[in-house]
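See structure below.
Taken together, the values in this text are just the output of simple stated rules run on the coordinates, not laboratory data. Computed from a prediction, not measured in an experiment: that's the story for all the values here. Here the Cβ is made from the backbone with ideal geometry for all residues, glycine too, and neighbour counts use every protein chain on show.
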Amino acid sequence: MRSVVTGAAGFIGSHLCEHLLSCGDEVLGIDALTDYYAPARKRRNLARLLGRDGFTFRRGDLLELPLKPLFADTDAVYHLAGQPGVRGSWGPEFTVYLERNVLVTQRVLEAVRDAGPRRLVFASSSSVYGDAESYPTPESVAPRPVSPYGVTKLASEQLCETYRTVFGVPAVSLRLFSVYGPRQRPDMAFARLVEAACTHRPFPLYGDGGQSRDFTYVGDVVTAMRSAALSSWTGVANLGGGSEVTMNQVIALLDELAAEVDVVSGPALPGDARRTAADITLARDAFGYRPGTDIRSGLAAMVRAERVLRRSRPEGFAAPTGGPRPLHRSQA
Ligand code: NAD
């Protein structure tokens, strides 16, 4: 298969490229290397891919690149580029979320419509549910996002559905539930927790630790994305890890796997749902999705990767301090 991966230098995108290459696919990766978190991390992700047979990379902003020629003669477009993070999406930064999530997705859809790949796989989010009406949550439950980020992911997903029903664009939107694994974004809870455990620094916990998530291992996510691209199914499906775990349980597990974590409790932050849990029946029936990595093995893999990284860590790996900054066009 010939594939395009947007957001190829990011956490999930770089894992997806590795997986596709290991399956023998040709991959064109696209990324602007935005500075929401240290671009040095993204360059490091890319370094694992550059020079591998079948991989090419184009740096640029999807709001400006000529997409149709980039998507020509492609079997699958995996659209993962976007502005993640619920907490930074309030206030003036919302413009960046609108641009990088909604406007970019609309440009991708127009180009897919013209270029005609066999499949478009879009990385949607469990954030579209907000505080859901029922758990585990099936796709039929009405989305009620509790963050502006969730609103932009829902709008992007709805655009995919609109282009699918009106123009027959073969779009699959996968609602990803809290993806974790080595190279996770540094603003996410597991990355901060593992770093705190390995450095013996305090871990700021937002809320009482009773909030729960359906954590999903990145290896299971990227395998599912390719399976979805190969299947004839289109539509919207949940991708969860198959079990719901509280933050307190994750912290206890990390105490066992690495070191006791010094937890500093603070108030819950606006935008965080209390609970997420995916009903994954649809993904299982549609493209054979079966998550295979339990939380203990996945977290242990993160601890191992963090220890390796700490032995060779270059400067410039700081976690993001605030919301996203607008992309400077000259950097793209
Ligand atoms: P990430 O920030 O590591 O990766 C996103 C990449 O997109 C970055 O490398 C960034 O430079 C690139 N990008 C952003 N705007 C761009 C633009 N305009 N043009 C070109 N490149 C651009 O994030 P991630 O955690 O890997 O998430 C990937 C996708 O999955 C995102 O769309 C996110 O909303 C979605 N998602 C992630 C999770 C999760 O748990 N990580 C959960 C649900 C959904």
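General observations
- Multiplying the residue separation of TYR206 and ASP35 by 0.36 nm and removing their Cα-Cα distance gives an extension gain of 59.2 nm.
- Long-range HN-HN contacts of VAL263 with modeled amide H, under 5 Å: PHE203
- Magnitude of the charge dipole for the stretch 178-323, about its Cα centre and with charges confined to Cβ atoms of Lys, Arg (+1) and Asp, Glu (-1), is about 460 debye.
- Residue-span extension gain [TYR135 to THR95] - 0.36 nm each, minus C-alpha spacing: 11.2 nm
- Once you divide the Cα radius of gyration of the chain by 2.2 N^0.38 Å, the number left is 0.93.
- Only helical runs count toward this figure. For the chain, summing -39,500 (n - 2.57) over DSSP H runs of n ≥ 4 and dividing by all residues gives -11000 deg cm²/dmol at 222 nm.
- With 0.36 nm allotted per residue and the present C-alpha distance subtracted, the ALA305-ASP73 stretch has 79.9 nm of extension available.
- Between VAL166 and ARG59, the modelled labels are 3.6 nm apart [label points 7 Å from Cα along Cα→Cβ].
- Centroid-to-centroid separation of the stretch 263-290 and the stretch 226-244 [C-alpha atoms, Å]: 14
- When the chain is described by a simple charge dipole with +1 on each Lys and Arg Cβ and -1 on each Asp and Glu Cβ, the residue from GLY242, LEU230, PHE55 located farthest towards its positive end is PHE55.
- Exposure proxy ranking for CYS17, CYS23, CYS198, based on other Cβ atoms within 10 angstrom of each Cβ and starting from the fewest, stands as CYS23, CYS198, CYS17.
- Dipole of the stretch 105-146, positive end: most advanced residue of SER126, LEU109, PRO143 [Cβ charges, Cα centre]: LEU109
- For the stretch 142-298: span of alpha carbons on each principal axis (Å, largest first): 53, 31, 23
- Ordering MET302, MET225 by the number of other Cβ atoms within 10 Å of each residue's own Cβ, fewest first, gives MET302, MET225.
- Cβ-placed point charges (K, R +1; D, E -1), dipole of the chain about Cα centre in debye, nearest 20: 800
- Listed by Cβ neighbour count within 10 Å, with the fewest neighbours leading, HIS19, HIS79, HIS200 appear as HIS200, HIS19, HIS79.
- A cut-off under 15 angstrom between Cβ atoms defines the neighbours of GLU260, and their net charge, with Lys, Arg +1 and Asp, Glu -1, is -3.
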